[in-house]
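Heads up, the thing below is written out as C-alpha cells.
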Amino acid sequence: MDDVIKKLTAEQALEVVNRLNEKGGKIRKAVLAEARNLLTAVDVDETADEVFSVLDSIDVQDCWDRSGKSRYGYTEPSEAAVELVEEELQPFYNQAKRYRELGMPEQETTYCMGVILGIYRYEHESKSEFRKWCEDVPIECAGYLLDTWRKRKRGKAVAKSMDEFIQRRCPKWGKFLIK
C-alpha cells in the first residue's frame, strides 16, 4: 500500500495536492514549498532535450494528413508544418508565461534559454523527414519566444546574458536573434 502514490493518474495526483493545500497549516506550507522547489529547478539542457525530443517526434505523415484539399480550401504542406511545430511548442510557451505570471524572472529566463536551445538543436541536428518541410519555422518560433520575453522590462545585464547565451550556444542564429 506504500506505493499507492506511484499508481495515481496525473488527475488523481493533482486532486491529492489540491486537498492537501486546502487543509492549510503546515501541510499547505509543505505543499507550497515543494511546488516552489519544483518550479525553481530549471535546467537549460534538460529543457532543450525535451523541446528537441518533442519536435523531433513530429511525424511527416501528420503533415501530409493536414495538407491538401479540404472543405475549407487548400492547405500547403509548409502551412501544415508550421501548425504542427507551433502546436508542439505551445506548452513550452505556456510554461514560460506561467513563470512570468508567478513573478519568477530568473526561472523564466533560464527556461526560455532551454526552449530556444532545443529549437536550435532541432533545426541543426534533426534527421527527421518532417524537418525538411519546415525550413524557416524553428528560428521564427525561437524569435517569437524571445520577442515575448524581451517585451518585459528587464535590466541590461539580463538582456546581455540572453544575447551571450544565444551567441555561445546558438551561434548560427546570433545575427538574427541578437538585437
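The values are calculated or read from the model by the stated rules, or taken from the named source; none is laboratory data. Small disclaimer: the values here were computed from a predicted structure and weren't measured. Note: ideal-geometry Cβ built from the backbone for every residue, glycine included; neighbour counts use all protein chains shown. Quick note on the areas: whole protein, heavy atoms, side chains included, nothing else; ligands and nucleic acids left out. Shrake-Rupley method; radii C 1.70, N 1.55, O 1.52, S 1.80 Å.
Here is how the numbers come out for the structure above:
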quantity: Estimated FRET transfer efficiency when R0 is 45 angstrom, pair residue 102-residue 175 (beta carbons, to 0.05); calculated: 0.85
quantity: If the convex hull is drawn through the Cα atoms of region 98-179, its volume per residue in Å³; calculated: 92 Å³
quantity: Dipole magnitude (debye, nearest 20) for the chain, charges at Cβ of Lys, Arg, Asp, Glu; calculated: 1140 debye
quantity: Full-stretch length increase - residue 76, residue 13 - with 0.36 nm per residue and alpha-carbon distance subtracted; calculated: 18.5 nm
quantity: Hull-based mean projected area of region 42-98, where the convex hull spans the alpha carbons, in square nanometres; calculated: 4.7 nm²
quantity: Extreme residue, positive dipole direction of the chain, given options 63, 159, 141 (C-beta unit charges); calculated: 159
quantity: Net lengthening on full extension, residue 26/residue 161 (0.36 nm per residue, minus Cα-Cα); calculated: 44.8 nm
quantity: Inter-centroid distance (Cα atoms) of region 66-103 relative to region 108-179, Å; calculated: 17 Å
quantity: Region 1-47: mean projected area of Cα convex hull, nm²; calculated: 4.4 nm²
quantity: DSSP-loop chymotrypsin sites (Phe, Trp or Tyr not before Pro) across region 7-78, with at most 14 other Cβ within 10 angstrom; calculated: 72
quantity: Inter-site label distance for residue 4 and residue 40 at 7 Å from Cα along Cβ, in nm; calculated: 3.1 nm
quantity: 11 Å beta-carbon shell around residue 75, net charge (K/R +1, D/E -1); calculated: -2
quantity: Per-selection Kirkwood Rh - the chain (Cα, Å, 1 d.p.); calculated: 18.5 Å
quantity: Region 1-79, accessible surface, carbon-and-sulfur percent (1.4 angstrom probe); calculated: 52 percent
quantity: Computed label-point distance, nm, for sites residue 50 and residue 127 using a 7 Å Cα→Cβ extension; calculated: 2.6 nm
quantity: Qualifying GluC sites (Glu not before Pro) in region 51-143, DSSP loop, other Cβ atoms within 10 Å at most 16; calculated: 129, 135
